[in-house]
Amino acid sequence: MEGEKIRKIIHIDMDAFYASIEQRDNPKLKGKPIIVGGPPNTRSVVATCSYEARKYGIHSAMSSNLAAKLCPHAIFVSSHFDVYRKVSKQIRDIFKDYTDLVEPLSLDEAFLDVTMNKKNISSATTIAMEIKQRIQKITELTASAGVSINKFIAKVASDFNKPDGLTVVPPFKVLNFIEKLDIGKFYGIGKVTEQKMRKIGINTGADLKKLELNKLVKLFGKVGKFYYNISRGIDNRPVNPNWIRKSLGSEITLKIDIDNIEEITDILWKIALKLEKQLKKLNLKGKTVNLKIRYYDFETLTRSITLYKPIYKAEDIISDVKLLLNKTDAGLKKVRLLGISISKFENDNIIKKTYSLFDTH
Ligand code: DCP
Ligand code: MG
């Protein structure tokens, strides 16, 4: 977007979304450590928890068992997706008053491009403040906002001062902001990549910026180019309101090629669990399960199965993956990459894109 004018991007993210709604709708839960998710002594995980519960170290995707150990008096509440969807629609309607360039990432967060906006307000900060106030008034819930020149910085900024935060990174502060940013806070750098970076001494944006483009591509593949750009404050991805996710997947390139079928199944389990978490977060269920295998010699194949009922649980995913695995030479021929993806979503008209580029390990 060279030569074009600087954009004004807002990222809005609701605070402890499901948990705040449950506290709002049941006054007995206010001010208490609550957990939305299945109860302990099951294989359930925490979907989210109130800020009171976070003080005990509880967080999303932690097993309910561990959560109960960390805070024995935490209250487990079951989810009410119909209500979450209703609130999600309410906040989207507020966004639409300002711009049609709204790109939801999940039920509780979205990017807005307000460079040009329906109210002709020149300050994106003013818009973010207004939106926060209106969300509070209409839903009785708080949101945090990040305001900057692109999606990457706006997203990181919205997380800076949670809950009820507003963080503005104006153009002249962008480079400094990124240089100081801890690598663990980079949007698009997952846990595995973070560890890999730390091992080679990359702990902040400033460290990342020291690496040349070809070095980054050598270390991280295609996404190296993205790292190169964001360490310089460059992220030209548009806010795209029409991006509809068609599939969600996760894959792993193994450290060494393996042919032991138990080990292979173990890794596929891990991938399925990760996928379950992402599907839950996006409120997606899909009917088609795809298995991808790359053998040691780089021959790559996919096998898929379409079910009658959409699924999202790891145990359902893995049982189909095992069937698909039988249709491959895994176990006979060494494999170097394993991947699973889910497609044919129900509701695929509602859910838009998420972290598309970065579903890698
Ligand atoms: N969610 C989930 N499983 C996850 C992460 C999130 O089911 N692993 C759900 C519950 C959250 C909602 O998605 O309420 C939004 O996710 P966020 O990551 O934005 O988390 P919260 O809104 O709960 O908390 P925060 O205040 O940190 O944004
Ligand atoms: Mg949130």
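Each reported figure results from applying straightforward, stated rules to the coordinates on display, with no laboratory input. The structure presented is a predicted model; accordingly, all values stated were derived computationally and were not measured.
Hey, what did the stretch 274-350 get for relative contact order, percent, Cα under 8 Å, at least 6 apart?
Answer for the stretch 274-350 is 45 percent.
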- Can you pick out the pairs among 137/285; 28/55; 199/270; 8/119; 270/322; 55/162 whose Cα atoms lie more than 21 Å from each other? 137/285; 199/270
- Message: Give me the tail of P(r) for the stretch 100-236 as a percent: Cα-Cα pairs with distance above 25 Å.
- Response: 32 percent
- Message: Please list, in order along the stretch 32-46, the HN-Hα scalar couplings obtained from phi with the Karplus expression 6.51 cos²θ - 1.76 cosθ + 1.60 (θ = phi - 60°), rounded to whole Hz, x for Gly and Pro.
- Response: 10, x, 10, 10, 9, x, x, x, x, 6, 10, 8, 6, 10, 6
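Taking a threshold of 26 Å on the Cα-Cα distance, which of the pairs 215/277; 118/344; 246/292; 69/313 fall above it?
Too far apart for the 26 Å limit: 215/277; 118/344.
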- Message: Please report the projected area of the chain's Cα convex hull averaged over all directions, in nm².
- Response: 19.3 nm²
- Task: Report the extension gain between residue 247 and residue 219 in nm, rounded to one decimal, defined as 0.36 nm multiplied by the number of residues separating them, less their alpha carbon distance.
- Result: 7.4 nm
- Query: Using the Cα gyration tensor of the stretch 217-357, with a ≥ b ≥ c the square roots of its eigenvalues, what is the shape: rounded (a/c below 1.5), prolate (a/b larger than b/c) or oblate (neither)?
  - Reply: oblate
- Computed [θ] at 222 nm, helices only, for the chain once each DSSP H run of length n ≥ 4 contributes -39500 (n - 2.57): -10500 deg cm²/dmol
- Item | Partners for residue 5 among aspartates and glutamates (Cα-Cα distance below 17 Å; same-chain residues under 8 apart left out) | 113, 235
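Counting only C-alpha contacts under 8 Å and six or more residues apart, can you give the relative contact order of the chain as a whole percent?
Numbers: 684 pairs, mean separation 57.2, N = 361.
With pairs under 8 Å counted, the relative contact order is 16 percent.
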